[in-house]
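Inspection log for the structure reproduced underneath, given as structure tokens.
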């Protein structure tokens, strides 16, 4: 940061629209984090676009004073891909919930990730369908009792970070709605990354799934259950940093450091080309009641999609010159009558 | 080469010939037909083609399912159809003969590869006895030629293995037909060396086979004469031969230049639309960005995103893809952003007949989205017309900020015709301006941007693209307030917005109805899309027979020309041939209460002139 005053203030990024999430919704703190971050990024509102699908989270664009599109359910990554290809100059954010991104839009999400198009995807995961009033979602735990699963849901949940890593994502991070500083840091990192970045945000739906993440995010639980990943540092946590993560036979495990010795603790390397270790870390917890990593799981350089597309255009231009319509119409041979 | 002196055969002049090349799908019949078409085009004949191929890439060899055919009609007069029935059939095997013989006119010529009429092949084609011997070909002039053997002999000197040699037999057939219709040899020799460049042995083999076919015609005492078809009196100028899909791709590129906008195509491969994706993917030097999406929905959604960013956006597909895109097109209607959806219609429902044409997506184009979601529809009438139709669709999309449906079909997509190249400078300017500044003021008198404040003339909303200072705004699928574009669930606002979206589309300016044929006739044939050629030829035939007939062909199907109801009401009888179960008929009846008679055909094969003529005569004679 320099001493020069910032070009914008957080308030400049707010629209005049009344925010209509339920009082107490975790989305408010995410919105605040985003509005506070924006001036720091030194970007212009007119060059920033928020695109969303459908769901509570998807109202986000209406509350950001940028260009924005509230699209259709699940399709935001596809809409954003078209925009990013047509306009590689823009800063594009995609916002959606777990239903939007992991269920109806799962296909678009994984394909955006493998292509590595330059968009920042924020996945607000509250493990429930909010806007349709409380059905189980693709991240809900097995046995979840909801209106559409009165005897408990049968579906095994997705782990969004595991899915993203499996889909070749070049930037994968996780944060939660109770820690604004951490959210801002993850969004800042996502923005700086060239290519598709995805940030899973543990978000509380206080109406249909209240407290779902409490085991991890409540202040008194954080020491025991939130593992903060920091690049180049041993992965350790606990009230006295007494616990550490090791890789044992291809599986990440939590152990008392006293039992294994400092040297055995895994040193986090987010830049590792091979995603296996990041994937192991994503499998550490089987639910929001066990030690769970947050932070950047993976950040690797990979060629960005629209950049490649633009260089193909430039190559074609170099080889063939700029397209001439008259000669195109003659390209299959002509004759005179 | 043979040292026998060429025989002096009589050269007979013909007005036209309709040749159908038929063989296994791996026999190269499309290539053969295409090349014969190109040579004939260069000679100045008018022509029309009708390729017909199975959906399978390589169906089981020798079976009826695997027959691939290419019909070409060449003439010394102007034509609009590939002809009802071939006068010459080139059949490379028994299956091709069996599948195609019923199409051939009585007395027509059948040129056969007699080597392929083995017991095993006859069995595969379902023949119980050999049609070459059992009298099946009585009533035709049949010419059995040992194409496989002569080809093998001809290419042997180039060291080609007998198995590979067989692959050149389509060039033998092409050589023979080239001799028969006095086509020059050089263009095909040139074509072979370009097409197979880098594969010297293949070039030598194909050349040898082609020459052998040509020489066979000249020396074998099999044919009574050969034929000449003089150039057709077409308007003078420079011509090229285009298929509908290529003309569409070029039309998209032209539209981008005429609008001074970069082109974006989001597409998912689907028969018979993929060629547009292929063609545009090869035109990156025109600034064309193509995106092969993960599915049909993403293809349409990416186009919406690109349109929001200021590109001239397209998505290309066929019926099943349009069904998948439906929700996204609803979004585009609601966002009021310009984009063009190209639907190359094929037989359905579901996978249906992927390689066969149909015109049965009209109702889907019109009404196939949830709620009230009007979209303009443009339908080209011939392969070359696809170029202009693409520009027209873009004009409407850009001027009125709306998604537009362009309805072509599998027939237009793959068939071709000579196209008098347009004067580029005469093409319309379809450019529009992006919004650059405020268009309203708030209570304090400060400038504001109202994304849904409409142009009073076109009812189009401003197109303000990201990157434009001060005009930051949000659009979305939720109902929005008139002018401000803010979310609004207000009942009266919704009523108003539904009305505005409909009024905008209804008021699109389109050219008035054109009446072809006899404008003072009491009988009219109404059509749209690819039936144009067959209807046009029918009208000519009926006129020759002394009937008065008018022809109205709708290119703008939504909105229709403002005067179309009035024009149609002026006829006593109207028939409407469509490759569907009466979709335009239903629209016309519903809109104008006119009793249009449906003439329907849904067998995957375009209407013949004879079929429409029969329907027309029945209607004319009916009390």
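The values are calculated or read from the model by the stated rules, or taken from the named source; none is laboratory data. Predicted model only: the values in this text are computed from it and were never measured. No Cβ is skipped: glycine too gets one built from the backbone with ideal geometry, and neighbour counts run over all protein chains shown.
Here's the yes/no breakdown for (1) free of Cβ contacts under 8 Å to residues at least 24 places away in the same chain; (2) within 11 Å of chain A (Cβ to nearest Cβ); (3) within 27 Å of residue A:65 (Cα to Cα); (4) out of contact with any helix residue (DSSP H, G or I) (no Cβ under 9 Å at 6 or more places or on another chain):
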{"residue": "B:473", "(1), (2), (3), (4)": "no, yes, yes, yes"}
{"residue": "B:477", "(1), (2), (3), (4)": "no, yes, yes, no"}
{"residue": "B:495", "(1), (2), (3), (4)": "yes, no, no, yes"}
{"residue": "B:499", "(1), (2), (3), (4)": "yes, no, no, yes"}
{"residue": "B:504", "(1), (2), (3), (4)": "no, no, no, no"}
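In this structure, does residue B:31 turn out to be under 19 Å from the mean Cα position of the chain (by Cα), surrounded by fewer than 19 Cβ atoms within 10 Å (Cβ to Cβ) and not in a loop (DSSP other than H, G, I, E, B)? Don't jump to the end; show me each part of the working.
Values: under 19 Å from the mean Cα position of the chain (by Cα): yes; surrounded by fewer than 19 Cβ atoms within 10 Å (Cβ to Cβ): yes; not in a loop (DSSP other than H, G, I, E, B): yes.
Yes, satisfied.
Looking only at region B:121-135, count how many residues are touching a residue at least 40 places away in the same chain (Cβ under 8 Å) and over 31 Å from the mean Cα position of the chain (by Cα). Break it down into steps so the answer makes sense when it comes.
First pass over region B:121-135, keeping only residues touching a residue at least 40 places away in the same chain (Cβ under 8 Å): B:121, B:124-126.
Adding the requirement that they be over 31 Å from the mean Cα position of the chain (by Cα) leaves B:121, B:124, B:126.
Total meeting the criteria: 3.
Let me confirm something: among A:164, A:190, A:169, which residue is modelled with pLDDT of 95 or more, touching a strand residue (DSSP E or B) at 6+ places or on another chain (Cβ under 6 Å) and part of a loop (DSSP other than H, G, I, E, B)? I'd like the intermediate steps shown before the answer.
Numbers: A:164 fails: part of a loop (DSSP other than H, G, I, E, B); A:190 fails: part of a loop (DSSP other than H, G, I, E, B).
It is A:169.
Pull up region A:320-337, narrow it to residues that are more than 7 Å from chain B (Cβ to nearest Cβ) and within 17 Å of residue B:384 (Cα to Cα), then point me to the one that is surrounded by the fewest Cβ atoms within 10 Å (Cβ to Cβ). Break it down into steps so the answer makes sense when it comes.
Of the residues in region A:320-337, the ones more than 7 Å from chain B (Cβ to nearest Cβ) are A:324, A:327, A:331.
Imposing the further condition that a residue be within 17 Å of residue B:384 (Cα to Cα) reduces the set to A:327, A:331.
Values: A:327: 10, A:331: 13.
Restricting to residues being more than 7 Å from chain B (Cβ to nearest Cβ) and within 17 Å of residue B:384 (Cα to Cα), the top hit is A:327.
Anything in region B:328-353 that is away from chain A (no Cβ under 14 Å) and outside any strand (DSSP E or B)? List them, or say none.
B:346, B:348, B:349, B:350, B:351, B:352
Can you name the number of the only condition in (1) over 15 Å from the mean Cα position of the chain (by Cα); (2) closer than 14 Å to residue A:121 by Cα that residue A:72 fails?
Residue A:72 satisfies all of (1) over 15 Å from the mean Cα position of the chain (by Cα); (2) closer than 14 Å to residue A:121 by Cα except (2).
Consider region B:159-184. How many of its residues are surrounded by fewer than 17 Cβ atoms within 10 Å (Cβ to Cβ), outside any helix (DSSP H, G or I) and in contact (Cβ under 8 Å) with a residue 24 or more places away in the chain? Please lay out each step first, then the result.
Step one: filter region B:159-184 for residues surrounded by fewer than 17 Cβ atoms within 10 Å (Cβ to Cβ), giving B:159, B:161-164, B:182, B:184.
From the residues that got through so far, the ones that are outside any helix (DSSP H, G or I) too are B:159, B:161, B:182, B:184.
Still in the list and also in contact (Cβ under 8 Å) with a residue 24 or more places away in the chain: B:159, B:182, B:184.
The total comes to 3.
Taking the conditions exactly as written (crowded, with 23+ Cβ neighbours inside 10 Å and more than 7 Å from chain A (Cβ to nearest Cβ)), does residue B:233 satisfy them or not?
Working: crowded, with 23+ Cβ neighbours inside 10 Å: no; more than 7 Å from chain A (Cβ to nearest Cβ): yes.
When the stated conditions are applied, residue B:233 does not pass them.
Which members of region B:540-556 meet the condition of being over 12 Å from residue B:526 (Cα atoms) and touching a strand residue (DSSP E or B) at 6+ places or on another chain (Cβ under 8 Å)? First the steps, then the outcome.
Quick first cut of region B:540-556, residues over 12 Å from residue B:526 (Cα atoms) only: B:540-548, B:556.
Within region B:540-556, B:543, B:547, B:548, B:556 meet the criteria.
Residues in region A:249-268: is at least one within 22 Å of the chain's Cα centre (by Cα), surrounded by fewer than 17 Cβ atoms within 10 Å (Cβ to Cβ) and touching a residue at least 24 places away in the same chain (Cβ under 8 Å)? Break it down stepwise before answering.
First, pick out the residues of region A:249-268 that are within 22 Å of the chain's Cα centre (by Cα): A:268.
Now narrow it down to the ones that are surrounded by fewer than 17 Cβ atoms within 10 Å (Cβ to Cβ): none.
No: region A:249-268 contains no residue that is within 22 Å of the chain's Cα centre (by Cα), surrounded by fewer than 17 Cβ atoms within 10 Å (Cβ to Cβ) and touching a residue at least 24 places away in the same chain (Cβ under 8 Å).
Please go through region B:34-61 and give me each residue that is under 23 Å from the mean Cα position of the chain (by Cα), within 14 Å of another protein chain (Cβ to nearest Cβ) and in a loop (DSSP other than H, G, I, E, B), ordered by number.
Those that are under 23 Å from the mean Cα position of the chain (by Cα), within 14 Å of another protein chain (Cβ to nearest Cβ) and in a loop (DSSP other than H, G, I, E, B): B:44, B:45.
Considering only region B:560-576, I want to know if a residue exists there that is assigned by TED's automatic domain parsing to the domain that holds residue B:609 and within 18 Å of residue B:375 (Cβ to Cβ).
Of all residues in region B:560-576, those assigned by TED's automatic domain parsing to the domain that holds residue B:609 come to B:560-576.
Of the ones still in play, those that are also within 18 Å of residue B:375 (Cβ to Cβ) are B:560-561.
Yes; the residues of region B:560-576 include at least one that is assigned by TED's automatic domain parsing to the domain that holds residue B:609 and within 18 Å of residue B:375 (Cβ to Cβ).
Taking residue B:324 and the conditions (1) in contact with a helix residue (DSSP H, G or I) (Cβ under 6 Å, 6 or more places away or on another chain); (2) surrounded by fewer than 24 Cβ atoms within 10 Å (Cβ to Cβ); (3) within 28 Å of residue B:577 (Cβ to Cβ), which numbered condition does it fall short on, given that it satisfies the others?
So residue B:324 meets the others, but not (3).
I'd like the residue in region A:216-248 that is more than 24 Å from the chain's Cα centre (by Cα) and assigned to a loop (DSSP other than H, G, I, E, B) and, out of all such residues, is surrounded by the most Cβ atoms within 10 Å (Cβ to Cβ).
Ranking the candidates gives A:238 first.
What is the one condition in (1) modelled with pLDDT under 95; (2) under 23 Å from the mean Cα position of the chain (by Cα) that residue A:334 does not satisfy?
(2) is the only condition that residue A:334 fails.
Does residue B:81 satisfy the condition of being in contact (Cβ under 8 Å) with a residue 12 or more places away in the chain, assigned to a loop (DSSP other than H, G, I, E, B) and buried (at least 23 other Cβ atoms within 10 Å of the Cβ)?
Values: in contact (Cβ under 8 Å) with a residue 12 or more places away in the chain: yes; assigned to a loop (DSSP other than H, G, I, E, B): yes; buried (at least 23 other Cβ atoms within 10 Å of the Cβ): yes.
Taking the combined requirement at face value, the residue satisfies it.
Here is a check on your reading of the model: is residue B:462 out of contact with any strand residue (DSSP E or B) (no Cβ under 8 Å at 6 or more places or on another chain), part of a loop (DSSP other than H, G, I, E, B) and within 14 Å of chain A (Cβ to nearest Cβ)?
Values: out of contact with any strand residue (DSSP E or B) (no Cβ under 8 Å at 6 or more places or on another chain): yes; part of a loop (DSSP other than H, G, I, E, B): yes; within 14 Å of chain A (Cβ to nearest Cβ): yes.
Yes: the conditions hold for residue B:462.
Evaluate region A:298-319: report whether one residue or more is more than 7 Å from chain B (Cβ to nearest Cβ), surrounded by 14 or more Cβ atoms within 10 Å (Cβ to Cβ) and in a strand (DSSP E or B).
yes
One residue is enough: does region B:601-616 have a residue meeting the conditions assigned by TED's automatic domain parsing to the domain that holds residue B:523, farther than 23 Å from residue B:81 by Cβ and in contact (Cβ under 8 Å) with a residue 40 or more places away in the chain?
no
Residues that are crowded, with 16+ Cβ neighbours inside 10 Å, more than 12 Å from every other protein chain (Cβ to nearest Cβ) and closer than 30 Å to residue B:276 by Cα: does region B:429-451 have at least one?
yes
Filtering region A:42-66 down to residues that are farther than 15 Å from residue B:487 by Cα and over 16 Å from the mean Cα position of the chain (by Cα), which residue is farthest from the other protein chains (Cβ to nearest Cβ)?
Among those residues, the one meeting the criterion is A:42.
If you check B:535, B:505, which single one turns out to be in a helix (DSSP H, G or I), closer than 26 Å to residue B:390 by Cα, under 27 Å from the mean Cα position of the chain (by Cα) and not assigned by TED's automatic domain parsing to the domain that holds residue B:597? I'd like the intermediate steps shown before the answer.
Working: B:535 fails: not assigned by TED's automatic domain parsing to the domain that holds residue B:597.
Among B:535, B:505, only B:505 is in a helix (DSSP H, G or I), closer than 26 Å to residue B:390 by Cα, under 27 Å from the mean Cα position of the chain (by Cα) and not assigned by TED's automatic domain parsing to the domain that holds residue B:597.
Suppose we filter region A:101-117 for residues that are on the phi < 0 side of the Ramachandran plot, away from chain B (no Cβ under 13 Å) and in contact with a helix residue (DSSP H, G or I) (Cβ under 7 Å, 6 or more places away or on another chain); how many remain? Don't jump to the end; show me each part of the working.
First, pick out the residues of region A:101-117 that are on the phi < 0 side of the Ramachandran plot: A:101-115, A:117.
Adding the requirement that they be away from chain B (no Cβ under 13 Å) leaves A:101-103.
The next check asks that each one be in contact with a helix residue (DSSP H, G or I) (Cβ under 7 Å, 6 or more places away or on another chain); those that pass are A:101-102.
Counting residues in region A:101-117 that are on the phi < 0 side of the Ramachandran plot, away from chain B (no Cβ under 13 Å) and in contact with a helix residue (DSSP H, G or I) (Cβ under 7 Å, 6 or more places away or on another chain) gives 2.
Restricting to region B:243-265, and then to whatever is within 7 Å of chain A (Cβ to nearest Cβ) and in contact (Cβ under 8 Å) with a residue 60 or more places away in the chain, can you tell me which residue is farthest from residue B:48 (Cα to Cα)?
So the residue we want is B:254.
Which residues, taken from region B:268-327, are within 11 Å of another protein chain (Cβ to nearest Cβ), out of contact with any strand residue (DSSP E or B) (no Cβ under 6 Å at 6 or more places or on another chain) and farther than 23 Å from residue A:107 by Cβ?
Passing the criteria: B:279, B:282, B:283, B:284, B:285, B:286, B:287, B:310.
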